[in-house]
Amino acid sequence: MLLEVEGLCVNYGHIEAIRDISFNVPEGSVTTLIGANGAGKTTTLKTLSGIRKVRAGSVKFDGKDITHAAPYDRVKLGISQSPEGRRCFVGMTVRENLDMGAFVRNDRKSKAYQEDIDRVLALFPRLAERINQSAGTMSGGEQQMLAIGRALMARPRLILLDEPSMGLAPKLIAQIFSIIKEINEQGTTVLLVEQNAAQALKAADDAHILETGEIVRSGKGSELAGDDSVKAAYLGGD
Ligand code: ATP
């Protein structure tokens with residue numbers, strides 16, 4: 001297992017945002033957490049990147065206990081996140097945003113670094129076309145691509161993607177999901193958080209459903225996508 005989450009509890013003051021959740025992310029997989037607005041998906045990812053503190057429970061990455069590790073150290077270990085709402089550095093160019101993603105690396109003059117830039121630009125040709133453009137002038141879809149590309153520049157073993165389809169047109173959503181598949185096929189394990197349950201279950205090997213801070217169902221993505229109660233609750237009854 002690349003990531004092991006055991007009995008995780010996270011609070012905002014007295015509010016229990018996450019209550020005793022346990023799940024694993026197998027190396028090489030796409031694993032998804034789906035759930036409605038406010039279910040605790042973003043809090044889970046923020047806790048895995050070390051931005052939120054754990055009240056109880058543990059997190060292991062590649063067998064190592066990282067429950068209380070600092071965010072910087074987690075990026076160094078190989079966990080990086082594309083946050084909800086993209087959060088690109090809007091006053092910076094595409095290239096500068098990609099460099100920011102590599103803030104833990106000290107090999108910027110190396111061939112390996114250039115190869116990683118090339119790999120991101122091959123995944124997202126739109127970013128190559130706009131390499132010197134200010135991120136703030138780009139469309140939502142382009143900024144989403146940039147947020148994912150920026151996370152990839154840390155060379156993660158595990159990439160955390162928070163709602164990459166949010167606010168995008170259907171054609172762009174399909175494109176983002178096909179790129180997520182490609183990133184995974186290139187060897188990066190993916191933990192995907194989505195309100196777009198239909199697409200996420202289709203893309204995922206393993207899936208977990210969060211409801212008000214608890215995991216209420218777990219299974220294979222394909223199995224949950226075909227389940228009548230999941231369809232009724234999360235897939236618009238299709
Ligand atoms: P969304 O899709 O809206 O981001 P989510 O599933 O990611 O939803 P979270 O954002 O993790 O859910 O929120 C989980 C719970 O924690 C909710 O009840 C929310 O109101 C609460 N919460 C989130 N952030 C804060 C905060 N900064 N202060 C207090 N409560 C918060």
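Observations, loosely collected:
- The separation of segment 133-170 from segment 62-122, counted between C-alpha centres, amounts to 12 Å.
- Listed by chain and number, the lysines whose alpha-carbon sits under 18 Å from that of Lys76, ignoring those within fewer than 8 places in the same chain, are Lys46, Lys60, Lys64.
- Note on the chain: dipole from Cβ charges, positive end direction compared against Leu224, Gly236, Val5; the farthest Cα belongs to Val5.
- Relative contact order for the chain: 27 percent, from Cα pairs under 8 Å spaced at least 6 residues apart, divided by residue count.
- Rounded D (µm²/s) - segment 112-189, Kirkwood Rh over Cα pairs, Stokes-Einstein at 37 °C, 0.692 mPa s: 255
- Carbon-plus-sulfur accessible fraction, the chain (probe radius 1.4 Å, protein heavy atoms only): 50%.
- For Glu185, net neighbour charge (Lys/Arg +1, Asp/Glu -1) across residues whose Cβ lies under 15 Å away: 0
- Kirkwood hydrodynamic radius (C-alpha pairs) into Stokes-Einstein, the chain, 37 °C and 0.692 mPa s, D in µm²/s: 182
- Amide H within-cut-off set for Arg217, under 5 Å, with H built and near neighbours excluded: Ile209
- Here segment 97-238 is treated as a Stokes sphere of Kirkwood radius computed over C-alpha pairs; at 37 °C and 0.692 mPa s its diffusion coefficient rounds to 200 µm²/s.
- Between the amide H of Ser134 and any residue lying 5 or more places away or on another chain, no distance stays under 5 Å, with hydrogens modeled in the peptide plane.
- Long-range Cα-Cα pairs in segment 1-132 (distance over 19 Å), rounded percent: 59
- The lysines whose alpha-carbon is closer than 27 Å to the alpha-carbon of Lys231, local same-chain residues fewer than 8 away aside, are Lys41, Lys171, Lys181, Lys202, Lys220.
- Per residue, the solvent-accessible area of segment 56-112 (1.4 Å probe, heavy atoms of protein chains only, all protein chains present) comes to 56 Å².
- Inter-label distance, nm, simple model (7 Å from Cα along the C-beta direction), Ser134/Lys76: 3.5
- Its DSSP H runs of at least 4 residues, each contributing -39,500 (n - 2.57), put the calculated 222 nm mean residue ellipticity of the chain at -10500 deg cm²/dmol, to the nearest 500.
The values are calculated or read from the model by the stated rules, or taken from the named source; none is laboratory data. Just so we're clear, the structure is a prediction, and the values are computed from it rather than from any experiment. When we count neighbours, we look across all protein chains shown, and the Cβ atoms used for this are built from the backbone with ideal geometry, even at glycine. Ligands, DNA and RNA are stripped out before the accessible areas are found, and what is left, the full protein with its side chains, is counted by its heavy atoms. Shrake-Rupley method; radii C 1.70, N 1.55, O 1.52, S 1.80 Å.
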